[in-house]
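K.L.:
Pasting in a structure now, in C-alpha cells, and then I'll have a few things to ask.
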Amino acid sequence: MAKIPFTTGIGYDVHPLAVGLTCRLCGVDLPFEKGFVAHSDGDVAIHALCDALLGAADLGDIGQLFPPTDDRYKGINSLILLNEVVDRLHTAGFAVGNVDLTILAERPKISPHIPEMKRQLKGCLGNEVQISIKATTHEKIGCIGREEGIATLATCLLIRQ
C-alpha cells in the first residue's frame, strides 16, 4: 500500500480553572484571576495541538509521551512539549503544513493575544507554517460557560517528506 503524501489530525483538551493559578494559552500568560489546574502548565491549546500532530503522524498521544504521573513534567511549559513533538514529527518524516485552533472560553478575552500566540507557536513549528487561532464563548452554557474550564479543538495537516 502506497503512503499518502499528507495526513490530518484532530486534538482536543480541556482543563479546569481555579483562582490564583496561571492561565497560559499557546505559551502566552494571560491576565486573568483564574488559571489551569493541571500537572503541567495546563496549556490546553498546546496540548490539543500536540494531540492533533501526534495523531496525524500515528505517534501516540500527549498522555503517552508526557504522562501526568511523571514528575519531570510537573509544571513544565508546554512549549517544551510541543518542541519535542515537532522533533518526533521531523524524525518520522513529516513537516507541518498548517494548524487551526479554536479556543473555547467565556473569559479571558482571547483575541487581543492571538498575534503573540501565533509568534510563540511559529517559534516551535516554523515561520512557514500557516497558523489559525480563533476563540469562541460557550454563551454561558455548561462548565465552560460558567468559567469552570477552558477547552481547545485543534486540527492540522502534515506533509510527508
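The values are calculated or read from the model by the stated rules, or taken from the named source; none is laboratory data. Worth saying up front: this structure is predicted, and the values here are computed from it rather than measured. Because the Cβ atoms are built from the backbone with ideal geometry, glycine has one as well, and the counts that use them run over all protein chains shown.
K.L.:
Report yes if VAL85 is within 13 Å of the chain's Cα centre (by Cα), hydrophobic (A, V, I, L, M, F, W, C) and either at pLDDT 95 or above or more than 24 Å from ALA18 (Cα to Cα) (or both), otherwise no.
P.N.:
Working: within 13 Å of the chain's Cα centre (by Cα): yes; hydrophobic (A, V, I, L, M, F, W, C): yes; either at pLDDT 95 or above or more than 24 Å from ALA18 (Cα to Cα) (or both): yes.
Considered against the rule, which asks whether it is within 13 Å of the chain's Cα centre (by Cα), hydrophobic (A, V, I, L, M, F, W, C) and either at pLDDT 95 or above or more than 24 Å from ALA18 (Cα to Cα) (or both), VAL85 comes out as yes.
K.L.:
Right, another one. Just to be sure, is GLY97 at pLDDT 95 or above, farther than 21 Å from LEU157 by Cβ and in contact with a strand residue (DSSP E or B) (Cβ under 7 Å, 6 or more places away or on another chain)? Outline the logic, then answer.
P.N.:
On the way: at pLDDT 95 or above: yes; farther than 21 Å from LEU157 by Cβ: no; in contact with a strand residue (DSSP E or B) (Cβ under 7 Å, 6 or more places away or on another chain): yes.
Considered against the rule, which asks whether it is at pLDDT 95 or above, farther than 21 Å from LEU157 by Cβ and in contact with a strand residue (DSSP E or B) (Cβ under 7 Å, 6 or more places away or on another chain), GLY97 comes out as no.
K.L.:
Mind listing whichever residues of the stretch 111-137 are crowded, with 17+ Cβ neighbours inside 10 Å and not small (Gly, Ala, Ser)?
P.N.:
Taking the stretch 111-137 and keeping what is crowded, with 17+ Cβ neighbours inside 10 Å, we get 113-114, 117-118, 120-121, 124-125, 129, 131, 133, 135.
The answer is HIS113, ILE114, MET117, LYS118, GLN120, LEU121, CYS124, LEU125, VAL129, ILE131, ILE133.
K.L.:
Hand me the list of helices (runs of 4 or more DSSP H) wholly inside the stretch 1-110 holding 2 or more residues that are surrounded by fewer than 21 Cβ atoms within 10 Å (Cβ to Cβ). Spell out how you get there, then give the answer.
P.N.:
Values: elements: 44-56, 62-65, 78-91.
Once the helices (runs of 4 or more DSSP H) in the stretch 1-110 are filtered for at least 2 residues that are surrounded by fewer than 21 Cβ atoms within 10 Å (Cβ to Cβ), what remains is 62-65, 78-91.
K.L.:
Which numbered condition trips up GLU128, out of (1) out of contact with any Gly (no Cβ under 7 Å at 6 or more places or on another chain); (2) over 24 Å from GLN161 (Cβ atoms); (3) part of a loop (DSSP other than H, G, I, E, B)?
P.N.:
(2)
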